[in-house]
Each structure stands twice: as structure tokens, then as C-alpha cells.
Amino acid sequence: MADSSNNHPKTLNFNVGVLGHVDSGKTSLARALSSTASTAAFDKNPQSRERGITLDLGFSSFTVDLPEQLREDPGGHGYDKLQFTLVDCPGHASLIRTIIGGAQIIDLMMLVVDVVKGIQTQTAECLLIGELTCPRMVVILNKTDLLPPNKRQTAIDKMTKRLHKTLENTRFKDCPVIALSAKPGGPEAPETEEPHGVPELIELLKSQTYLPHRDPGGALLMAVDHCFSIRGQGTVMTGTILQGALAVNDTVEIPALKVTKKVKSVQMFRRPVAGAMQGDRVGVCVTQFDPKLLERGVVCTPGSLHTLHAALISVRKIGYFKGSLATRAKFHITVGHETVMARVTFFGLPPGETHQTSTTDPQLPTLDPHASEPDRRPLDTPFSFDREYFHQDEYVIGQRQAGGAGQDPEQWALLEFERPVTCPTLCLVIGSKLDTDIHANACRLAFQGRLLEGFEEKSYSETTLPRLRIYKTKHKEGQVERVTDDYTVIGRNLFKKETNLQLFVGLKVTLSTGEAGVIEGGFGQSGKFKIRVPGQ
């Protein structure tokens with residue numbers, strides 16, 4: 001958003017996610033890059049400082065002159081400065097929930113790799129999350145000071161080559177790789193030790209920026225990551241605006257607390273502004289409430305978000321997940337900015353109607369390790385309550401052809417949450433097995449998709465769910481008792497006497513002679529039934 005104050009240059013905000021394995025040096029890199037830190041930057045959490053790792057999303061920023069390619073962009077007119085907002089996501093394995101929450105608000109990802117250790121399990125998971133949420137990436141080979149000077153360049157070249165090989169089947173093929181040392185000597189080294197390679201990284205980041213699509217229209221949705229009180233003024237929520245806009249004197253809703261509050265003031269990195277829009281990192285002061293009640297969550301236009309007990313999603317398995325996706329199994333579901341356990345039921349198109357595709361949203365890439373390019377084709381068959389679907393005991397994997405990749409059939413899933421979640425429609429959904437041993441060399445991200453329909457009623461299984469027509473095939477045999485005319489047959493021994501035959505009207509049956517018929521209704525009181533055989 002252009003700064004609304006006339007006293008400052010107009011600044012474009014660009015969100016850069018800093019992701020990577022624990023101890024890869026992400027926080028040191030963010031510190032080296034940043035000139036201005038927000039309240040959340042560099043780990044306010046004392047537990048983080050003790051352990052030396054980031055336990056929460058940190059935010060900091062630095063501002064540069066607007067790069068030439070943005071000055072030439074027709075949409076870039078009016079901006080003088082470019083502000084990089086760095087979102088430092090935690091790398092510790094058990095904090096993958098937070099990484100997913102942070103990854104949904106970034107325009108470019110910096111994947112930080114320890115040049116000595118290379119790609120590790122969580123590095124790969126960060127890469128997968130980036131593929132689902134982010135259009136561009138820069139790889140940072142950090143800690144080059146740990147390499148022997150006489151072998152340094154050879155080791156960097158070798159690791160760069162390995163990384164390009166790893167990335168060649170992802171959407172980040174040919175992405176830039178840069179080597180540096182954000183904190184020479186490690187965390188204990190004196191602050192006088194200057195970082196190596198940071199000016200070159202800033203120039204690289206400038207070259208990789210683009211004008212993100214920023215839309216002030218629609219309902220407000222802001223991801224809040226920290227909350228604190230200022231005596232005599234109110235409660236401040238810091239976060240990033242995911243959609244819409246807000247301005248001083250607006251009324252916003254905090255769905256988790258079921259309250260609305262008035263916006264008293266807005267700041268962008270300690271500067272007062274009249275308002276802010278999608279993509280901006282802001283502090284919003286509202287009328288007083290207890291900040292302990294909202295350490296993390298969302299704020300929205302009143303009435304625009306929905307709290308769901310269950311949901312229907314499109315679903316696509318993540319190719320690197322080795323386990324099966326079984327119906328009735330429980331997965332950790334990250335939806336919006338919440339992660340909750342849910343029981344999953346998979347379903348697809350009836351046999352014979354199956355279309356092959358890879359994704360439900362043109363913006364989502366495939367994560368198929370066999371695919372050479374991300375597949376962004378839209379669904380052939382949008383979800384509809386008006387059609388029938390086939391129940392699946394597990395997610396169906398497409399047949400791999402020799403020398404190529406067979407895509408998975410279109411599939412959907414019903415998620416039944418263990419506790420209600422508040423989220424926007426059409427948001428990204430990621431299913432994970434976060435209870436997998438964190439030391440196992442295995443991807444825990446299992447599937448991804450989009451939220452298509454939500455069930456807000458607690459009694460959804462009685463009220464709304466019956467609209468979802470999922471069937472299983474059952475084979476049952478009866479006998480023909482007699483033929484009444486050329487088109488009508490009376491059958492028996494298929495139903496019990498007390499069965500309500502109206503439920504089976506229209507059901508198809510096949511006669512042993514090969515003709516196909518349809519059950520028209522009951523015949524008498526003993527469970528017999530009438531079959532209509534259409535003329536050939």
C-alpha cells in the first residue's frame with residue numbers, strides 16, 4: 001500500500017519468508033538484513049533465547065530505493081521505496097504448524113541451507129510448503145565461514161549443483177543460489193564480526209521483486225501474530241493483512257473472542273498511517289481487551305468469517321509422502337491459521353467418469369516428483385451437491401506410465417474436525433502427520449487442497465451432510481418370481497418384509513439374461529418388488 005502520509009515516501013511492502021532447517025542461521029540472516037524491527041522481531045520469547053532457536057514468527061524490515069523493474073511497471077507508479085518485510089519462520093521440526101501459518105503470507109521465499117549439512121528433512125518440508133504458497137524463491141547457502149578457505153569455493157559450487165538438481169522438477173527450477181555468512185563465528189561470536197555477502201544478497205532480492213497483486217476490495221482478513229496492551233490507549237494487534245483493507249475508525253471482529261472492536265490507530269513499522277491494505281504488515285490499536293486472549297489468530301470484517309465443524313475440500317496427495325491416505329484416518333489439518341485434528345473421508349467420481357487432473361486451483365502446483373512442470377490446470381469437474389460420488393477406502397493413486405507420470409484422478413475429502421475452526425472459504429488446506437517421529441527421514445506433509453464447502457452447524461451430520469450423496473457398491477442377488485408383461489418383472493429375496501422399498505426406487509438391477517432394469521417399487525407386503533425393463 002502507498003503510505004497515506006504526505007511526510008514520507010510512498011512505500012511498497014514486499015513480504016519475504018525466511019525458511020529452513022533448525023540452526024541453519026535464519027534469524028542471524030534476518031538480523032543482518034534488517035534495519036528496522038517490529039515488536040515481534042528477533043524472538044521476544046525468553047524460551048527461544050535460552051534455546052537459541054526461533055519459536056515464533058519473527059518480523060523485521062529494511063527499506064531500499066524502488067528497483068528499476070518496478071519503476072518501469074505500470075502498476076508501480078506512485079511508489080518511491082521498497083520495504084522488505086522479513087518473516088522469520090521457525091525451523092524446529094515440531095513447529096511445522098507455525099511455518100505453514102507464516103508461509104501463506106509471503107511473496108518470495110528465502111530457503112536457508114547450512115552449506116556444510118545441505119538439505120535436511122525439514123529443509124525439504126519448507127520447500128514443499130513454498131511450492132504450495134509462494135511463486136518465487138532464493139536459496140541461501142549460509143555459514144560459508146565454516147568451510148576451509150582453500151576448499152570454500154569448490155564446496156559452494158558442489159552444493160549449488162546439488163541444489164539445482166533437487167529443484168529441477170519443482171516450480172523453483174533455475175532459482176538463484178547465493179552463498180554467504182550471516183554470522184561469522186556462530187551465535188557466540190562478537191557483534192563486531194561483519195556478515196559476509198549481505199550487500200550482494202540485498203541486490204539479488206531487489207532483482208527478484210515483482211509488483212504483488214494487492215486488492216483492497218472484499219472483506220478484511222488479517223493474520224494476527226502478537227498482541228499487547230498500551231495503558232491508556234488500548235490493545236495493539238500486530239500482523240499481516242491477507243485480504244481487503246482497514247482504516248482508522250473501522251469496526252473489526254475478533255472471531256475467536258466473539259467481539260467487535262473499533263480501530264483507534266494504525267501503524268506500519270512505528271509510523272502512523274490512515275489505513276492499510278492486503279500485503280501490508282501493520283500494528284492496529286483497538287479498544288481495550290485482554291491481549292492474553294489473542295496471542296495468535298485472525299481479525300476480519302464483522303460476519304465475514306465462518307466457524308466450521310466440518311468441511312469438504314479438493315484433495316491432492318503430496319508425492320513425497322510415503323504412507324497411504326486412508327478413509328477414517330486422522331490427520332493434522334492446517335486451514336487458515338489453525339491446525340486441528342480431523343477425521344478424513346475420501347471420495348471421487350463414479351467409476352467410468354474419472355477424469356485425470358492434478359489440482360483444483362490454477363495457482364497450486366503439483367508436487368509430483370515425476371512431473372517436469374507444475375500442473376496448473378483447473379478441475380474438469382467442479383464439486384457439486386447435485387451429483388453422486390463414489391466412496392473410497394483410501395486416496396487413489398494414478399497409474400504411472402513407463403517413462404512418464406500418470407496423474408491422480410480428481411478426488412475430494414470430507415474433513416470432520418475435532419474442534420471447530422475459523423477460516424475463510426477457498427483457503428489452502430494442508431494435511432500432515434505431525435505425530436511422525438521427527439528424527440525419521442520422512443516427509444510429514446500428506447496432502448493439499450482447497451476448502452470448497454463448510455458446515456457451520458454442530459448437527460451438520462443430520463442437517464447438511466445428507467445433501468452429500470456418496471455411495472458404495474454392494475452386490476446382492478435375488479430371484480425373478482414371474483414376468484408380468486414384456487417390460488415388467490416381479491422379483492423376490494432381495495429385501496426384507498419390513499424394508500421401506502421407496503428408498504430403492506430407481507436403483508438399477510441386472511438380470512441373468514443380460515437385460516438392465518430399474519426398481520419401480522414394492523409389490524405386495526412381503527418384500528417383493530417390481531422391475532421395469534425398458535424396451536430395447
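The values are calculated or read from the model by the stated rules, or taken from the named source; none is laboratory data. All values derive from a computational prediction rather than experimental measurement. Ideal geometry is used to build each Cβ from the backbone, glycine not excepted, and the neighbour counts take in all protein chains shown. In case anyone asks, the SASA skips ligands and DNA or RNA and just uses the protein heavy atoms, side chains included. Shrake-Rupley method; radii C 1.70, N 1.55, O 1.52, S 1.80 Å.
The figures follow:
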| item | result |
| --- | --- |
| Qualifying residue in the stretch 332-343 (condition: in contact (Cβ under 8 Å) with a residue 12 or more places away in the chain, of a type in the set (S, T, N, Q) and either in contact with a Pro (Cβ under 8 Å, 6 or more places away or on another chain) or within 19 Å of THR464 (Cα to Cα) (or both)) | no |
| Pair list, Cβ < 6 Å and 6+ apart or interchain, from the stretch 508-536 residues that are free of Cβ contacts under 8 Å to residues at least 60 places away in the same chain and in a loop (DSSP other than H, G, I, E, B) to residues that are buried (at least 18 other Cβ atoms within 10 Å of the Cβ) and of a type in the set (Lys, Arg) | PHE523/LYS530 |
| Given (1) crowded, with 22+ Cβ neighbours inside 10 Å; (2) on the phi < 0 side of the Ramachandran plot, number of the condition THR327 does not satisfy | (1) |
| Flag for LYS292 being among the basic types (Lys, Arg), crowded, with 21+ Cβ neighbours inside 10 Å, farther than 30 Å from PHE385 by Cα and more than 19 Å from the chain's Cα centre (by Cα) | no |
| All positions within the stretch 107-166 that are surrounded by 20 or more Cβ atoms within 10 Å (Cβ to Cβ) and free of Cβ contacts under 8 Å to residues at least 40 places away in the same chain | MET137, VAL139, LEU141 |
| Odd one out for PHE331 among (1) aromatic (Phe, Trp, Tyr); (2) in a strand (DSSP E or B); (3) modelled with pLDDT under 90 | (3) |
| Subset of the stretch 80-128 that is basic (Lys, Arg) and modelled with pLDDT of 70 or more - its residue that is nearest to LEU29 (Cα to Cα) | LYS117 |
| Test result for GLU456, open to solvent by 100 Å² or more (accessible area, probe 1.4 Å), within 30 Å of LEU220 (Cβ to Cβ) and touching a residue at least 60 places away in the same chain (Cβ under 8 Å) | no |
| Residue list for the stretch 340-375, restricted to those being at pLDDT 95 or above, open to solvent by 10 Å² or more (accessible area, probe 1.4 Å) and within 25 Å of THR121 (Cα to Cα) | MET341 |
| Candidate set from the stretch 251-274 (those that are basic (Lys, Arg) and part of a strand (DSSP E or B)); member that is farthest from GLN233 (Cα to Cα) | ARG271 |
| Leading residue by the ranking (nearest to LEU220 (Cα to Cα)) among those in the stretch 270-289 that are modelled with pLDDT of 90 or more and surrounded by fewer than 17 Cβ atoms within 10 Å (Cβ to Cβ) | ALA274 |
| Top-ranked residue in the stretch 507-536 [being of a type in the set (A, V, I, L, M) and buried (at least 18 other Cβ atoms within 10 Å of the Cβ); ranked as nearest to GLY478 (Cα to Cα)] | VAL509 |
| Conditions (1) under 25 Å from PHE417 (Cβ atoms); (2) polar (S, T, N, Q); (3) surrounded by 22 or more Cβ atoms within 10 Å (Cβ to Cβ); number of the one not met by THR307 | (3) |
| Listing of strands (runs of 3 or more DSSP E) fully contained in the stretch 275-328 that carry 2 or more residues being within 26 Å of VAL16 (Cα to Cα) | 275-277, 281-286, 297-300 |
| Qualifying residues in the stretch 457-497 (those that are acidic (Asp, Glu) and in contact with a strand residue (DSSP E or B) (Cβ under 8 Å, 6 or more places away or on another chain)) - the one nearest to PHE346 (Cα to Cα) | GLU457 |
| So HIS337, is it at pLDDT 95 or above, in contact with a strand residue (DSSP E or B) (Cβ under 7 Å, 6 or more places away or on another chain) and either surrounded by fewer than 21 Cβ atoms within 10 Å (Cβ to Cβ) or within 17 Å of PRO420 (Cβ to Cβ) (or both) | no |
